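The values are calculated or read from the model by the stated rules, or taken from the named source; none is laboratory data. Keep in mind that this is a model prediction, so the values were computed, not measured. For neighbour counting, all protein chains shown are included, and Cβ atoms are generated from backbone atoms with ideal geometry for every residue, glycine included. To get the accessible areas, we keep the full protein, side chains included, count just its heavy atoms, and leave off ligands, DNA and RNA. Shrake-Rupley method; radii C 1.70, N 1.55, O 1.52, S 1.80 Å.
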Amino acid sequence: MKYRSEIDGLRSIAILPVILYHLAPDLIPYGYLGVDIFFVISGYLITSILLKNYKDNNKISIKFFYERRIRRIFPALLTVIFTSFILSWFLLPPLEKIDFYYSSIASIGFISNFYFWHSGEIYGAIESQFKPLLHTWSLGVEEQFYIFFPIYLYLAFKFFKKFLLISLYIFLSLSFLLANWGSSIYPDFNFFFSGTRAWEILIGVILAFSNQNK
């Protein structure tokens with residue numbers, strides 16, 4: 001893809017409320033809005049890459065896509081985990097160490113969002129400052145999108161291309177309705193679940209399709 005400076009600028013703006021929220025959550029109660037913006041950006045960028053791949057080769061290479069994602073994500077992720085592992089050995093209490101080791105495995109396995117929801121239920125919500133990899137929950141949501149969406153797009157282009165956009169709008173609506181229902185019934189699970197975050201990513205997906213048609 002051609003470099004888009006405005007997207008990097010939007011990323012910079014989106015990260016600010018997240019940082020401010022962690023510094024002063026009482027003053028910036030809606031700081032996690034920055035994460036929602038990141039999901040939209042991720043949906044847009046990944047779909048743009050896949051659509052360019054389809055335009056250039058008249059097909060989507062799932063293997064090529066996965067290889068690019070692994071090369072982009074894993075070096076930084078493994079560096080963070082390794083550094084945190086060393087620090088956790090000296091700084092974390094025993095129970096929190098166990099939580100960290102399990103969260104490391106979950107992060108590498110692309111399921112850290114489910115792990116942090118589940119561990120909160122099991123351990124009684126260990127304070128976030130004792131969870132060095134807590135931020136990887138959003139990466140888990142994105143990675144699950146990376147796994148399934150290229151396969152869906154590949155099948156859609158092959159079998160029901162005419163109805164692809166309609167299906168995306170349907171999935172977006174269902175995810176949005178589920179997120180609104182879950183926010184009051186199961187707020188903790190709703191926060192971490194990729195299905196209730198999918199509508200944010202799908203906004204970016206549909207924007208990528210719209211930009212392609214201009």
>> Against the conditions (1) farther than 30 Å from residue 211 by Cα; (2) surrounded by fewer than 14 Cβ atoms within 10 Å (Cβ to Cβ), where does residue 77 fall short? Just the number, please.
In response: (2)
>> Could you tell me how many of the residues in region 80-113 are open to solvent by less than 90 Å² (accessible area, probe 1.4 Å) and assigned to a helix (DSSP H, G or I)?
In response: 20
>> Looking at region 14-25 only, could you name the residues that are more than 15 Å from residue 42 (Cα to Cα) and either open to solvent by 70 Å² or more (accessible area, probe 1.4 Å) or in a helix (DSSP H, G or I) (or both)?
In response: 16, 17, 18, 19, 20, 21, 22, 23
>> For region 53-67, give me each residue that is surrounded by 13 or more Cβ atoms within 10 Å (Cβ to Cβ) and not in a helix (DSSP H, G or I).
In response: 60, 61
> Among all residue pairs at least 6 apart or on different chains, which show Cβ distances below 6 Å where the first residue, located in region 50-66, is under 21 Å from residue 144 (Cα atoms) and in contact (Cβ under 8 Å) with a residue 24 or more places away in the chain and the second is of a type in the set (Val, Ile, Thr) and part of a helix (DSSP H, G or I)?
Replying inline: none
